[in-house]
Each structure stands twice: as C-alpha cells, then as structure tokens.
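These notes are about the structure you will find just below.
Values quoted throughout were computed directly from the atomic coordinates according to the rules given, and no laboratory measurement underlies them. Just so it is clear, the structure is predicted and the values come from calculations on it, not from any experiment. With ideal geometry, Cβ positions are generated from the backbone for all residues, glycine too; neighbour counts draw on all protein chains shown.
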Amino acid sequence: MIQAGAIDCDIHPAVPNTRTLLPHLDDYWREHILRRGLERDNLETSAYPVGAPINARPDWQPAAGPAGSSLASLQAHILDPMQPRAAICNVLHGAQMMMSEDLSAALCRAINNWLVAEWLDRDPRLRASIVVPVHSPDLAAEEIERMAPDRRFVQVLLLAMTELPLGRRQNWPIYRAAERHGLPVGIHAGSSFRHPPSAGGWGSFYLEDYVSYAQGFAAALNSLLAEGVFQKFPDLRVVLIESGVTWLPANLWRVNKTWRGVRAEVPWLNRLPADIVRARVRLTAQPFDAPPDAAALATLLEQLGSEDMLLFATDYPHWHYDGTEALPPGLPAGLLRKMLVENALATYPRLTAP
Amino acid sequence: MNVTLRDHRPDNPAQSHLGFIDCDVHPFFRTPADFDPFLSARWREHRRSIGNRSRQGLARTSPYPRMSPGNGMRGDSWPKDGGPPGSDLDLMREQLLDLFDVRYGLLAPLVGGAAAERNVEFGAAMAVAVNEWQCAKFL
C-alpha cells in the first residue's frame, strides 16, 4: 500500500474519441477534420493496442470507452484510494505522429486544451505533460510556449523512437523551449513507427516490440549524450518514462568505456557519461524489470549508482501489477521515501513553486 | 470458377450494350466483427486483443488520412443504415451493378489487413476469413 502524499509520475488519460476533441480545435481545423471525416477514427497508436491486456488492467476498465478515458474511474482506482499529492498525465495519441506536421500540431493543441478543461480543471491533484508534434520541432516549441504559462503543465512529452534519434540538432528547438520554462523532457516508451521498433527490423509479435522499447531508450539516451544536449542545455532534465529501468546500468558501463577510448570524436562531452546521466536523467519505476532476489536487486541499485534517479509511477491504466502492489518488492526504505516524493519534487520544479 | 465470356448472350438481344466488366469494386465490412464467423476462436481472440499490427504509427487508419470521410469514399456512397460505403450489397446494385448493367464486377477487398500484417499467421487467417466473407456476403 502506498502512503498518502506520493507523487505518481505516469498516468495515462485516454482521449475517448476524436469527436471529444472537436470543441478544443480552432475553427479552421474543426471544419477541416469534419470534412475529412477524421472525427470517425480514434487515431490510436500502434505502439499501444487498446485491447491488449498489458495496456488495460481488467479491473480498471471503465463502463464505456477505452481504459483511462474516464476521470471518475481514475479517481476511484487511483486518486481516492492512494491519495497522491500529484499525478502527472501523459497522453499517448496518434496526434503526435500524423504525417502532416500541421495536422499533428492542431491535434496536439486540441489535446492540451482538452487536458485543461476535462482533467486539470476538474481535479486539483492532476498535473500534465505538454503533448507536442514530435516530428516538427519548431511547431513543438511553439506549443511549449503556448502552454508553459499554465504551471499545471510540468513536463514536455516525447516518444523514445521518432523520425530522428532524439539528440539530433533538428530537435534542439524543443529542448531550448523546455529548458527556458523549467520543464523536464519526458521521454515515453513507444514509437511513431517511422522505423522498426527493433534495430534488427520488423518483428512479428507485440511482445518483441514491447521488450525492444528498451533498445529505443538506450538509443535515445546515447543520442542525447553524444550530440551534447546536456552541455548545450545545462538546466535541462530528462525523464525516461516506462522504460523498465534495469537496462540502464549495462548501457552506462558501455557508454563510459567507449567514451574513454574515443572521446576526441565528441569533445563537448566533457564528463563521464554515467555522471551526466546520474545528475540529469530520471526514470519512472513502472514497470521495474526487477531481479527476483534481494541480493541481485541490491547489486542492481548499487550499479545504478544514485538514489535520486527513480520516480514512483502507477502507469495507470497499463497492467503491470494487481491490487495496490505498485512498488517493486524489496526496495530499501530510504530509497522508497525518495522515490515516492522527494525525487519527483527535485525533478519537477513546478510541483513545488507557486 | 472459370467463365467463358465469348459464349455470353445478353438476356435481351435487342438491347445494345457493351457488357462491360468493372475490374475494381471494393466491398467493405460493416464492423470488423463481420470476419469473426470465419476465424477460429484463437484468431477471434487475437483480433479483439492485439488486433491488426502493420508497419505504421496508427493502429487503425493511415497516418496520411484521405480527404473525404471513410478514408477517401464518395460522399453519395454511404448506405442509409449507417454502415460504411461498400458494405451494402443492395446499394452496390443500385449505384453500380444495375445502374450500369455491369456484366461482372471484380471484387477487390482492401480490408482485413492480411497483406500488411506483421504476424504472418494472423495475416494468413485474415486472408482466409476475408475470402470466406466475400463469398458469403457478396458472391
């Protein structure tokens, strides 16, 4: 059982259907979408099939609509029994990956407006990530500028796998805008499927995709490091959301070792990569791909090398646990306290500032 | 089935008619559950849970949506019962087969996702189901 006052860093409100977004579009785009009939499709992502059990815990299904689409259900399942101090809404939606950058931006604006009206204004415990057209960095930066004055938006949401590795300089307008407003960039599991989710090509099964998302996180993180994003934007923080966590130590060893040998190639990368990651990168711990025994868990936490990195999350309504067992077993008490509250407050300045 | 077109005689020999053959007619399902009678229990369950998975970001529609409702359908082709264009055989007769006295319409079902499916066994099951469905519903 989670103590009251925890901070849930990853919940997923779902847009029930595209018609819901119509009042939140401007006049041009409302007419455009109606004339094309796009309001008849829910624009669900391939990365998260709505009917797959892992994406919708059976006892968290609302009476109607997709899991996560009902505020009353979220209150009944998470907010009222767990009494978190805050819960951060991360919307995953096809808006982020439409081929038309203008249509993508219009739908993202509508989703952010909908988040304000239907979620943030209706429960004071809710916070949200700004949804942006991830393949259009200039339009994404515009949307960050538009939403940043509302301080209930505490983060910018990206996907781990988009058209370009995330560190590439074309993406820097997003990081510049996020840093300017004190917003961490939250990188969520998933792909816009411009490329196969596995580096080896298109697999046959959803199981492969889901497991391969960890490769996507490694690629995103290594790109941010190598391109110098952490040096160029010294106040920027990054949160890896729903990554599984335990792939990280091996990647840190590998990037450290390789950097020692060839760092002249990336002279701006002037610190040990693992030290940069420990200082600037945080990870939500749902799911937590934990080893089964306490000694192995202790070794893993030692390899992670910092108690500041893990953030508590339920990942509602995705199905990673039953009942109220939202925490991986066997975590030390000191780490748990930091994970449930303090690390989130340190990561998201807008959770404490007025 | 093989048909020897050369031997065809119009029912009304006095009628002047080219007797043309429409080589691209698209039948459509009313709901994806229309395929369920032609799927095994195992693939029915798969269709409802994992569903079609192709190599694009959106699960059920194109990331380049067409410019008219129904993903590029003609505005006057929507059946009155609310189903999608191509799903109503009577309307297909009224608007195409009878109106133009089409001798043969060749069905090209762009449905079921078999060709784009990443899970090849599910793709094969959907191909069978779509063929059975078009036989039962249209032929």
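If you go through segment B:73-80 one residue at a time, do you hit one that is within 13 Å of another protein chain (Cβ to nearest Cβ), part of a helix (DSSP H, G or I) and either under 30 Å from A:H318 (Cα atoms) or not acidic (D, E) (or both)? Checking segment B:73-80: at least one residue is within 13 Å of another protein chain (Cβ to nearest Cβ), part of a helix (DSSP H, G or I) and either under 30 Å from A:H318 (Cα atoms) or not acidic (D, E) (or both).
Would you be able to say whether some residue in segment A:193-208 is assigned to a helix (DSSP H, G or I) and free of Cβ contacts under 8 Å to residues at least 60 places away in the same chain? Yes - at least one qualifying residue is present in segment A:193-208.
Scanning segment B:38-51 turns up at least one residue that is more than 13 Å from chain A (Cβ to nearest Cβ), outside any loop (DSSP other than H, G, I, E, B), surrounded by fewer than 17 Cβ atoms within 10 Å (Cβ to Cβ) and free of Cβ contacts under 8 Å to residues at least 60 places away in the same chain. Can you name the residue in segment A:33-52 that is assigned to a helix (DSSP H, G or I) and more than 7 Å from chain B (Cβ to nearest Cβ) and, of all such residues, is surrounded by the fewest Cβ atoms within 10 Å (Cβ to Cβ)? The qualifying residue surrounded by the fewest Cβ atoms within 10 Å (Cβ to Cβ) is A:R35.
With respect to A:I111, is the statement that it is in contact with an Asp or Glu (Cβ under 8 Å, 6 or more places away or on another chain) and crowded, with 19+ Cβ neighbours inside 10 Å true? Quick ask: steps written out before the conclusion?
Numbers: in contact with an Asp or Glu (Cβ under 8 Å, 6 or more places away or on another chain): no; crowded, with 19+ Cβ neighbours inside 10 Å: yes.
No; evaluated as a whole, the condition is false for this residue.
Scanning segment B:116-139 for residues that are hydrophobic (A, V, I, L, M, F, W, C), within 14 Å of another protein chain (Cβ to nearest Cβ) and surrounded by fewer than 20 Cβ atoms within 10 Å (Cβ to Cβ) returns B:A116, B:V120, B:A124. Answer yes or no: is there a residue in segment A:6-28 that is at the interface with another protein chain (Cβ under 10 Å from one of its Cβ atoms), among the charged types (D, E, K, R) and under 23 Å from A:S192 (Cα atoms). Scanning segment A:6-28, I find no residue that is at the interface with another protein chain (Cβ under 10 Å from one of its Cβ atoms), among the charged types (D, E, K, R) and under 23 Å from A:S192 (Cα atoms), so the answer is no. Among residues that are touching a residue at least 12 places away in the same chain (Cβ under 8 Å), within 16 Å of A:P124 (Cα to Cα) and touching a Phe, Trp or Tyr at 6+ places or on another chain (Cβ under 7 Å), A:L79 is not included.
Okay, residues lined up against (1) farther than 19 Å from A:R152 by Cα; (2) touching a residue at least 24 places away in the same chain (Cβ under 8 Å):
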site: A:D8; (1), (2): no, yes
site: A:H24; (1), (2): no, yes
site: A:R40; (1), (2): yes, no
site: A:L43; (1), (2): yes, yes
site: A:A47; (1), (2): yes, yes
site: A:P62; (1), (2): yes, no
site: A:A67; (1), (2): yes, yes
site: A:L71; (1), (2): no, yes
site: A:V91; (1), (2): no, yes
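Of the set (1) among the aliphatic types (A, V, I, L, M); (2) more than 18 Å from A:V239 (Cα to Cα); (3) touching a Phe, Trp or Tyr at 6+ places or on another chain (Cβ under 9 Å), all apply to A:A214 but (2). Cβ-Cβ contacts under 9 Å between residues 6 or more apart (or on different chains), taken from a first residue in segment B:52-70 that is farther than 22 Å from B:A129 by Cβ and facing chain A (nearest Cβ under 7 Å) to a second residue that is among the β-branched types (V, I, T) and part of a strand (DSSP E or B), are listed as B:G57/A:T45; B:L58/A:T45.
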